[in-house]
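Asker: Mind looking over this structure? Questions follow.
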Amino acid sequence: MFQTLYSYFWWERLWLPANLTWADLEDRDGRVYAKASDLYITLPLAFLFLVVRHLFETYVATPLAGLLNVKEKIRLKATPNAVLEKFYATTTKHPKQADVEMLSKKSGCTVRQVERWFRRRRNQDRPSLLKKFREASWRFTFYLIAFIAGMAVIVDKPWFYDLREVWKGYPIQSMLPSQYWYYMIELSFYWSLLFSIASDVKRKDFKEQIIHHVATIILISFSWFANYIRAGTLIMALHDSSDYLLESAKMFNYAGWRNTCNNIFIVFAAVFIITRLVILPFWIMHCTVFYPLDLYPAFFGYYFFNFMMVVLQSLHIFWAYLIIRMAQKFITGKVVEDERSDREETDNSEEEEEAAKNGPLSNGHPVLNNNHRKTD
């Protein structure tokens, strides 16, 4: 059965145009072609990325956070309460009013004390500012290096200037060593993002992030199998062109450099919209949808690749909507915040009452939310 499934999976009509076989893509005469087995190395490389990330965040990002004066907010801790903790852990972190009243009776606390306890308990579980800064620093470093490397790989190639060259001679297009390593590193990095997504800072678009990582991994892998390498390198470099700007804006925001953050965000928004909503659909996708049909009839791989491109483009439209909303706030003079982020909850009214009765709080007053992460 396994052999039968294997044969169906690698059926040439799924991956290659008509009248072509895998034998046409065997290495010969000094020409090397992409092979599915090449991608096995990406899984151990992904775990290597996780190790390198840990070392980077510990020995580079953390000292950098200190130099940039990234300060943690003082969070008031919830008083230990077994009844409320059990409900928080097993039922919900956001109890309804009826639940609050029930818990008030069970715990012996007032309704306002229960509400305050849940606010503080939720705040305790939110990622620290240092964690966000370290994560942004790691991604900024990778995306910047990846963008520079990607441009070095494609800038001297004829298909960078003439997209019809992407399909010249397809699929009999030999692979270059620079293309091999560009693919392996990019795919390994996205595997590492998928492996670490459960422990990374979560946003409201958590599901969209998973879809994005999975779609990207499938696209990169499929483009390698089907020898869509020229198109693949263009798409990867295009995506990296704005990501490092986003991550640098987050870093300066967490450091409290608001003007620098806002200026970089403006550049990021412009680059994102131009690359993801103009160049990608009207140049790159036009290239992958129409130009191949001049050379061969459409086959399953053609439809599958372009369907995954549509999935990615849909996510770009969703994120562009969030970016535009933030841009509107910026233009009107409001603080730019990540539309995907949970805001830090405060209990000012209760604390003001306590301060009026007992004097200033010994552990400080609540500070304004500094969680202004931009969108991916």
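Asker: Running Debye on the range 82-125 with equal point scatterers at the Cα sites and no solvent, what base-10 log of I(q)/I(0) appears at q = 0.16, 0.29, 0.31, 0.33 Å⁻¹?
Answerer: Log-scaled intensity ratios, in q order: -0.32, -1.14, -1.29, -1.43.
Asker: Could you run the Debye sum over the Cα atoms of the chain, one equal point scatterer each and no solvent, and tell me log10 of I(q)/I(0) at q = 0.07, 0.09, 0.10, 0.14 Å⁻¹, two decimals?
Answerer: Log-scaled intensity ratios, in q order: -0.42, -0.65, -0.76, -1.21.
Asker: With θ set to phi - 60° and the Karplus curve 6.51 cos²θ - 1.76 cosθ + 1.60, what are the ³J(HN,Hα) couplings of the range 126-141 in order, to the nearest whole Hz, using x for Gly and Pro?
Answerer: With the stated coefficients, the range 126-141 comes to 6, x, 6, 5, 5, 4, 5, 5, 4, 5, 5, 4, 5, 5, 4, 4 Hz.
Asker: Roughly how many nanometres apart are two label points built 7 Å out from the Cα toward the Cβ at His94 and Trp11?
Answerer: In this crude spin-label approximation the distance works out to 4.6 nm.
Asker: Which order, highest average first, do 31-43, 250-262, 4-16 follow once you tally other Cβ atoms within 10 Å for each residue and take the mean per peptide?
Answerer: Details: 31-43: 15.2, 250-262: 19.3, 4-16: 12.6.
Ranking, from highest mean packing down: 250-262, 31-43, 4-16.
Asker: Quick one: Karplus J couplings for the range 260-271, per residue in order, coefficients 6.51, -1.76, 1.60, θ = phi - 60°, nearest Hz, x for Gly and Pro?
Answerer: Result, rounded to whole Hz: 4, 4, 5, 5, 5, 4, 4, 5, 4, 4, 5, 5.
Asker: Based on the Cβ-Cβ distance from Tyr180 to Met1, what FRET efficiency comes out when R0 is 30 Å, to the nearest 0.05?
Answerer: On the way: r = 33 Å, r/R0 = 1.12.
According to the calculation, E is roughly 0.35.
Asker: Using a 7 Å offset from the Cα along the Cα-to-Cβ direction at both Glu85 and Phe300, what is the distance between the two label points in nm, to one decimal?
Answerer: Once both label points are built, they end up 5.4 nm from each other.
Asker: With charges only on Cβ, +1 for K and R and -1 for D and E, what is the dipole size of the range 82-125 about its Cα centre, in debye, rounded to 20?
Answerer: Working: 11 positive and 5 negative charges, 21 e Å.
Magnitude of the dipole: close to 100 debye.
Asker: Under a 1.4 Å probe, what is the accessible area of the range 82-125 per residue, stated in Å²? Could you put the intermediate results ahead of the total?
Answerer: Values: 2670 Å² over 44 residues.
Dividing the accessible area of the range 82-125 by its residue count gives 61 Å².
Asker: Determine one quarter of the surface area of the Cα convex hull of the range 46-144, which equals its mean projected area, and express it in nm² to one decimal.
Answerer: Numbers: hull surface 35.1 nm².
Spelled out: convex hull of the Cα atoms, projected over all directions, averaged, 8.8 nm².
Asker: At a Förster distance of 22 Å, what's the computed FRET efficiency of Asp38 paired with Ile172, Cβ-Cβ distance as r, to 0.05? Kindly include the intermediate steps, with their values, before the conclusion.
Answerer: Details: r = 18 Å, r/R0 = 0.80.
The value I calculate is 0.80.
Asker: How many percent of the accessible area of the range 114-195 is carbon or sulfur, using a 1.4 Å probe?
Answerer: Details: 2120 of 3300 Å².
Carbon and sulfur together cover 64 percent of it.
Asker: Here's another thing I want to ask about it. Out of Lys77, Lys96, Lys207, any idea which swings most in a Gaussian network model of the chain, alpha carbons joined below 10 Å?
Answerer: Highest fluctuation among the options: Lys96.
Asker: Running a GNM on the chain with Cα contacts under 10 Å, which residue among Thr233, Thr79, Thr90 ends up with the highest mean-square fluctuation?
Answerer: Sorting by GNM fluctuation, first place goes to Thr90.
Asker: Between Val267 and Leu68, what FRET efficiency follows from the Cβ-Cβ distance if R0 is 22 Å, with the result rounded to 0.05? List each step's numbers first, then the result.
Answerer: Details: r = 20 Å, r/R0 = 0.89.
Result of the calculation: an efficiency of 0.65.
Asker: In what order, largest first, do Thr91, Thr275 sit by accessible area if the probe radius is 1.4 Å?
Answerer: Details: Thr91 90, Thr275 15 Å².
The ordering from most to least exposed comes out as Thr91, Thr275.
Asker: Along the positive direction of the dipole of the range 82-125 (beta-carbon charges: Lys, Arg +1; Asp, Glu -1; about the Cα centre), which of Ser107, Leu84, Trp117 reaches farthest?
Answerer: Sorting the options by dipole projection puts first Trp117.
Asker: For the range 1-102, what is the Kirkwood hydrodynamic radius in Å, using each pair of distinct C-alpha atoms? Don't skip to the end; give the middle numbers.
Answerer: On the way: mean 1/r = 0.0470 Å⁻¹.
Taking every pair of different Cα atoms in the range 1-102, averaging 1/r and inverting gives 21.3 Å.
Asker: Also, quick follow-up: So what J values fall out for the range 188-203 if you push phi through Karplus, 6.51 cos²θ - 1.76 cosθ + 1.60 with θ = phi - 60°, rounded to Hz, Gly and Pro as x?
Answerer: 4, 5, 5, 4, 5, 5, 5, 5, 9, 5, 5, 9, 6, 4, 8, 10
Asker: In a GNM of the chain with a 10 Å cut-off on Cα contacts, which of Phe189, Phe268, Phe160 has the highest mean-square fluctuation?
Answerer: Looking only at Phe189, Phe268, Phe160, the largest GNM fluctuation is found for Phe160.
Asker: A further question on this structure: Multiply the residue gap between Tyr59 and Asn259 by 0.36 nm, knock off their C-alpha separation, and tell me the result in nm, one decimal place.
Answerer: Full extension of this stretch gives 69.3 nm more.
Asker: Rounded to the nearest 500 deg cm²/dmol, what is the calculated helix-only ellipticity per residue at 222 nm for the chain, with -39500 (n - 2.57) per DSSP H run of length n ≥ 4? Let's see the in-between values first.
Answerer: Details: 15 runs with 225 residues, N = 376.
Rounded to the nearest 500, it is -19500 deg cm²/dmol.
Asker: For Tyr161 and Leu48 in one chain, what is 0.36 nm times their gap in residues minus the Cα-Cα distance, to one decimal in nm?
Answerer: 37.2 nm
Asker: Next up: What residues have an amide H closer than 5 Å to that of Asn81, excluding those fewer than 5 places away on the same chain, when H is modeled at 1.01 Å from N in the peptide plane?
Answerer: Long-range HN contacts for Asn81: none found.
The values are calculated or read from the model by the stated rules, or taken from the named source; none is laboratory data. Worth saying up front: this structure is predicted, and the values here are computed from it rather than measured. Because the Cβ atoms are built from the backbone with ideal geometry, glycine has one as well, and the counts that use them run over all protein chains shown. These accessible areas exclude ligands, DNA and RNA; they are computed on the full protein's heavy atoms, side chains included. Shrake-Rupley method; radii C 1.70, N 1.55, O 1.52, S 1.80 Å.
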